Amino acid sequence: MLRRLTGTARVSALLGMIIVQIGILLFALPAVILTFTLGLVFLYPPAVRMVRGTAEETRRRIGAWSGVRIASPYLPEPPPPQPLTDGMYRHERTLYKSPRVPAWNARWKWLTTDPASWRDLLWLGLDPLIKIALLPMLLVAPARGLRVYGQWCALLLSPTRTSLLRGQLTHLHQSRSIAADSQAAEMRRIERDLHDGTQARLIAIGMTLGAAEELMDSDPAAAKALMTKARDASADTLTELRRLIRGIHPPVLAERGLADAVRALAMDTALRVEVEVDLPHRPEPPVEAAAYFAVSELLANAARHGDARSASVDISSDGSALRITVTDDGLGGADPAKGSGLRGIERRLAAFDGVMAINSPPGGPTGVMMVLPKVLPVHWAEGNKLPRWKTAVVALCWSLAWCPLFPQGMVAAVFKTFAFPEKSWFLALYAPEPLQWPVILFMIALGLGMYATAIAIPAKHNRDRWMAEAPRRLGMC
């Protein structure tokens, strides 16, 4: 009873939206017409925002009410214009003193060239009619009607393959920019460490050896003391170089993988660290490096800023996602806005679409969860396996499609065309005379449809799998 009342309430809300949609349509259509006929361009952006807002609300409701998930199809919003070295702003081949005109032009191009904007407008014009056509089903069987309505909305409001690829390419370019910025910052840090540390030590060693050479004949004891000092300094320099090399890319990480590298890191830190690793596959080297340095930074923060005494690291997989959890018993209060290396961790993870969640109340404990999606390899046998019900449908279609297509369709059509008196087991020939040809055509269409279904289900499954793995594949190129 409650489910029935809930379905009726949702249908009522859906039908009530018709009035809102008609009102938005009465504003949006004249705005679009006046924009492209009389040049009243200021009317177009608010009209698009209203239409997109209605479409986004429909996507949200359909996903919650019918289970039909519709992703947002819009291209990413253009970034704000950046000034050139002379302070000017460029849009295509024109320079401007203020960023307002380039920002307006970029936003105008974004709104007018995005196919999703025009598909939203087409959906808004047809949707009230579709709701009225589905009204009997929505009233009699609300759940089934909402599901059918969701399929209709998915037809126009879902992202196309082109828009998905364009969005993924844009996101890939942004991720690569973040990775390049992080790499540049890392190179500056290495240069600074070499200049301020190792280079200064080597110069000091050279000066010490020069002084020892001058005292070699006049004061051998002092020269020997200087040689001993130079030897100790060279040992300290070698230790510092090894530490710097581990900071660039630890050898154990390249040779033995993320699990052993984190265990070695836990042994070197002053904290008592428990490490749990459960990875069926080894990530790619860039992913391992990002995960390793993220854990290293978090453990260093726990010891340096949180006064922690113990910590735990858990590394596991969730399908193709890498999940890392680091907790410590420190003082808490960790905040990316306050620095402490957390921003750097976010930049490292962003290069792989990774996210970081922090729970660090004052007084502790601190827990950090990091998730890097679609970075673990998925075998073809695992990723391409059809669900059982789809496998059963494909097998059924392949095994039975020949019957309606050939004997009950094409052969029956030959018998009908040449007026053979023998009806045999052809079902269409036993139907009344006016219905024989419709039945024959139906049988042919049924057979062709079954073959098409048997081909389309695996093809769509492979296409969906390819689209899901496209970001990782593009990132590997």
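Counting beta carbons within 10 Å around each of Val48, Val393 and listing the fewest first gives the order Val393, Val48. Going from the fewest other Cβ atoms within 10 Å to the most, the residues Asp318, Asp86 appear in the order Asp86, Asp318.
Each residue of the range 73-90 was assigned a 3J(HN,Hα) from its phi angle through the Karplus curve 6.51 cos²θ - 1.76 cosθ + 1.60 (θ = phi - 60°); the sequence is x, 6, 5, x, 5, x, x, x, x, 9, x, 7, 5, 8, x, 7, 10, 10 Hz, with glycine and proline shown as x.
In this Cβ point-charge picture (+1 for Lys and Arg, -1 for Asp and Glu), the chain has a dipole of about 2260 debye about its Cα centre.
Take every Cα pair under 8 Å whose residues are at least 6 apart in sequence, average their separation, divide by the length of the chain, and the relative contact order is 9 percent. The angle separating the long axis of helix 199-215 from the principal Cα axis of greatest extent in the chain is about 20 degrees.
Listed values for the range 283-300 are Karplus-derived 3J(HN,Hα) couplings in whole Hz (6.51 cos²θ - 1.76 cosθ + 1.60, θ = phi - 60°), namely x, 6, x, x, 5, 4, 5, 4, 5, 4, 5, 5, 5, 4, 5, 5, 5, 5, and x replaces Gly and Pro. Radius of gyration over Kirkwood radius for the chain, both on Cα atoms: the Rg/Rh ratio is 1.15.
In terms of surrounding Cβ atoms within a 10 Å radius of their Cβ, Thr37, Thr208, Thr228 rank from fewest to most as Thr37, Thr228, Thr208. Across the alpha-carbon set of the range 1-99, the Rg to Rh ratio works out to 1.18, Rh being the Kirkwood radius. Taking Cβ atoms as reference points and 14 Å as the exclusive limit, the residues near Asp314 contribute a net charge of -3, counting Lys and Arg as +1 and Asp and Glu as -1. Near Arg59: Cβ cut-off under 11 Å, other residues only, Lys/Arg at +1 and Asp/Glu at -1. The net charge is +1.
For Val68, the shell of other residues with beta-carbons less than 11 Å away shows a net charge of +4, using +1 for Lys and Arg and -1 for Asp and Glu.
Ordering Met207, Gly354, Phe27 by the projection of their Cα atoms onto the charge dipole of the chain, which places +1 on the Cβ of Lys and Arg and -1 on the Cβ of Asp and Glu, puts Phe27 at the extreme positive end. When shorter helices are ignored and each DSSP H run of at least 4 residues is given -39500 (n - 2.57), the per-residue value for the chain at 222 nm works out to -22000 deg cm²/dmol. For the range 254-372, the direction-averaged projected area of the alpha-carbon convex hull comes to 6.6 nm².
Of all beta bridges that DSSP places with both ends in the chain, some 75 percent have antiparallel geometry. When exposed loop sites are taken as chymotrypsin sites (Phe, Trp or Tyr not before Pro) in a DSSP loop with at most 12 other Cβ atoms within 10 Å, the longest stretch of the chain clear of them is 1-417. Can you find, among His305, Leu427, Pro280, the residue farthest towards the positive end of the dipole of the chain? Put +1 on the C-beta of Lys and Arg, -1 on that of Asp and Glu. Towards the positive end, the residue furthest out is Leu427. Put a plus charge on the Cβ of each Lys and Arg, a minus charge on the Cβ of each Asp and Glu, and nothing anywhere else: the dipole of the range 61-120 about its Cα centre is then about 80 debye. Computed over the range 254-372, relative contact order equals 23 percent, with contacts defined as Cα pairs under 8 Å that lie 6+ residues apart.
Can you say what percent of the DSSP beta bridges in the range 254-372, counting only those with both residues inside, are antiparallel? Round to 5. Bridges in the range 254-372 are about 75 percent antiparallel.
Values in this text are rule-based calculations from the coordinates and carry no lab data. Here the structure is a predicted model, which means the values were calculated and not measured. FYI the Cβ positions are ideal-geometry reconstructions off the backbone, even for glycines, and counts take in every protein chain you see.
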